[in-house]
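Below: one structure, written as structure tokens.
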Amino acid sequence: MDTRYIFITGGVASSLGKGIIAASLANLLQARGYKVANQKLDPYINVDPGTLNPYEHGECYVTEDGAETDLDLGHYERFTNIPTSQRNNVTTGRIYMNVINNERQGKYLGSTVQVIPHITDEIQTRIKALGETGNYDFVLTEIGGTVGDIESFPFIEAVRQLRWHSKNSLVIHLTLVPYLHATGELKTKPTQHSVKTLLEQGVQPDIIVCRTEHDISDNLRKKIALFCNVDPTSVLQSIDADTIYDVPLLMYKEGLDREVLRKLNMPYDNEPDLTYWKEFIHKLKFPKSNVTIGLVGKYVELNDSYKSIIESFTHGGVANECKVKIELLHSEYISDDNAKEKLGHLDGILVAPGFGGRGIDGKIVAIKYARENNVPFLGICLGMQCAVIEYARDVLGWKDAHSVEMNPNTTHPVIDMMEEQKKISGMGGTMRLGAYPCKLQKDSLVYSIYQKEEISERHRHRYEFNNKYLEDFEKAGMKAVGFNTKQNLVEIVEVPSHRWFVGVQFHPEYKSTVKQYHPLFAAFVKAAMDYKESKK
Ligand code: GLN
């Protein structure tokens with residue numbers, strides 16, 4: 001079958017959840033047996049979000065092939081269980097970089113290089129390349145930003161051109177239908193205006209999905225349909241949901257997948273198989289127990305900064321039929337004086353990934369608390385590095401032990417820069433990124449969790465455990481139990497005398513999906529459940 005291209009645009013406001021709608025539709029089409037791929041086009045000029053502060057743009061998601069991408073790719077993977085790659089996320093910066101490189105190589109010799117057609121052609125090439133390489137039935141391309149933004153114009157123009165040449169395409173426009181409390185009314189005008197903006201740019205949406213806090217009546221749907229030139233059956237609502245995982249089922253009820261297939265002249269009589277998803281939702285909504293886990297980080301003001309970790313706990317919780325309550329704890333405000341008060345009630349402590357020195361002391365205090373009080377602990381990337389630093393200082397007695405990232409002059413650089421990183425000067429896309437194999441030691445806790453010797457996990461770091469000190473650590477009771485054998489890198493540390501103390505240099509959170517929860521998160525939740533039980 002030829003690839004069908006579905007575009008998801010946004011109007012009225014940002015943050016309406018285009019990514020979740022795109023992921024939900026992909027999920028429904030997949031449940032009907034189709035092969036789908038999600039893609040995100042980001043209108044900013046950064047080549048990728050790797051150098052962006054999480055406060056700016058939320059978490060940076062890392063794919064198998066080591067692309068640093070928008071966090072929506074995380075939703076796509078979690079909802080469809082299909083690994084994404086660099087192809088699935090393209091920014092304005094990347095598009096321009098390619099066009100400018102082509103120009104320098106003489107590819108357009110003789111012509112003036114312009115937004116139309118050069119930039120718009122490059123955008124279309126990126127969209128089609130995804131469909132062609134993966135042999136997909138559907139490519140769902142989400143256009144970041146809001147229609148009317150200067151930045152997104154070339155993307156909308158590329159959609160217009162692509163639609164002109166291919167009838168196998170469809171545009172879904174996601175808008176906001178606000179509720180005015182004073183008059184008790186839902187208002188459609190902003191939707192009308194945003195569709196007009198899209199029309200001015202030559203794109204007629206086929207389906208309008210309205211984000212709303214209240215049910216949208218048939219009359220309002222008809223009104224939107226009339227003003228926006230769509231079928232009344234093509235005006236759908238996306239009502240606020242308890243959890244993002246409800247959205248595929250809610251959109252199924254609204255008939256989004258059916259409407260898409262109908263509009264593309266494809267059969268839609270068969271029902272999608274949503275059994276697994278419904279079971280997941282049931283377990284999510286009716287847990288048999290609960291635990292409280294502290295997530296210690298420095299970007300906690302913004303939930304999106306730790307999106308994948310939080311979602312991995314949702315999956316790991318469901319695997320145990322347990323609700324995981326997450327307390328986001330700002331590491332800058334944790335100190336020896338208040339550790340008991342802030343951490344004493346927790347059933348597990350996770351220290352998050354991160355960069356730079358801010359908040360590092362609080363992370364180390366939290367780890368010391370977890371280690372000394374036998375509280376289940378998981379350290380991810382910088383969290384693992386902090387666990388090594390804490391052990392060096394408090395168990396081995398090396399008081400100024402540190403990572404050279406924070407203190408280049410430490411007498412005990414227990415975390416050092418990776419050899420390959422020492423020759424690199426640029427910042428964008430230069431870390432150790434993406435999937436690498438890791439070999440587990442058979443007598444370890446992690447082996448009993450993964451149940452296999454060879455695993456593969458995704459990375460994003462410049463610094464690593466300093467092997468010079470390995471023997472000292474092992475003698476003192478912290479064991480290295482996972483290695484990248486090719487580069488001789490320590491990937492996992494454990495403290496076997498502790499109830500559950502694991503530090504991982506990689507990011508397990510990038511690989512947890514609804515269909516395949518991550519064993520490490522599931523085991524950590526189980527350890528927290530057991531610990532909670534033991535306190536009774
Ligand atoms: N800053 C650390 C490093 O570069 C950890 C990175 C991370 O937590 N992702 O090695």
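Coordinate-derived values only; no laboratory data. All figures in this text were calculated on a predicted structure; none of them were measured in a lab. Virtual Cβ from ideal backbone geometry, glycine too; neighbours counted across all protein chains shown.
Under 14 Å of direct C-alpha separation, and excluding same-chain neighbours fewer than eight residues apart, K40 reaches these aspartates and glutamates: D48, E68, D70, D72, E77, E142.
Between A241 and D121, the distance separating the two model label sites (each 7 Å from Cα on the Cα→Cβ line) works out to 4.1 nm. Principal-axis analysis of the Cα atoms of the chain puts helix 120-134 at an angle of about 70° to the longest axis. Entry note, the chain: the mean residue ellipticity at 222 nm calculated from DSSP H runs of n ≥ 4, each adding -39500 (n - 2.57), is -10500 deg cm²/dmol after division by the residues and rounding to the nearest 500. Rounded to the nearest 5, the antiparallel percentage of DSSP beta bridges internal to the chain is 30%. Summary of the geometry: segment 385-444 and segment 470-497, compared by the centres of their Cα atoms, lie 12 Å apart. Classify segment 438-536 from the C-alpha gyration tensor, please: rounded if a/c falls under 1.5, else prolate or oblate depending on whether a/b exceeds b/c. Taking the square roots of the gyration eigenvalues as a ≥ b ≥ c, segment 438-536 is oblate.
Note on H459, H57, H173, H412: ascending count of other Cβ atoms within 10 Å places them as H57, H412, H459, H173, the fewest first. Net charge in the neighbourhood of T275 (other residues with Cβ under 15 Å of its Cβ; Lys, Arg +1, Asp, Glu -1) is +1. Entry note, segment 384-536: relative contact order of 20 percent, from Cα contacts under 8 Å with a spacing of 6+ residues.
Rg over Rh for segment 252-296 works out to 1.27, both radii taken from alpha-carbon positions and Rh defined as the Kirkwood radius. Take every pair of alpha-carbon atoms less than 8 Å apart whose residues are at least six positions apart; their mean separation over the length of the chain yields a relative contact order of 15 percent. Lysine pairs in segment 394-480 whose alpha-carbon atoms fall under 29 angstrom of each other, counting only those eight or more residues apart or on distinct chains, come to 21.
Once the mean of 1/r is taken over each pair of separate Cα atoms and inverted, segment 154-282 shows a Kirkwood hydrodynamic radius of 16.0 Å. Annotation: aspartates and glutamates with alpha-carbon distance below 18 angstrom to K222 (same-chain offsets under eight excluded): E185, D206, D231, E254, E259. Among the listed pairs K340/K535; K253/K526; K288/K535; K128/K189; K340/K368; K298/K532, those with a Cα-Cα distance over 23 Å are K253/K526; K128/K189; K298/K532. Applying a DSSP loop filter and a limit of 11 other Cβ atoms within 10 Å to the GluC sites (Glu not before Pro) in segment 13-117 leaves nothing.
Relative to the longest principal axis of the Cα atoms of the chain, helix 189-200 runs at roughly 80 degrees. The long axis of helix 92-104 is offset from the longest Cα principal axis of the chain by roughly 80 degrees.
The trypsin sites (Lys or Arg not before Pro) of segment 123-176 that DSSP puts in a loop, and whose beta carbon has at most 11 other beta carbons within 10 Å, are K167.
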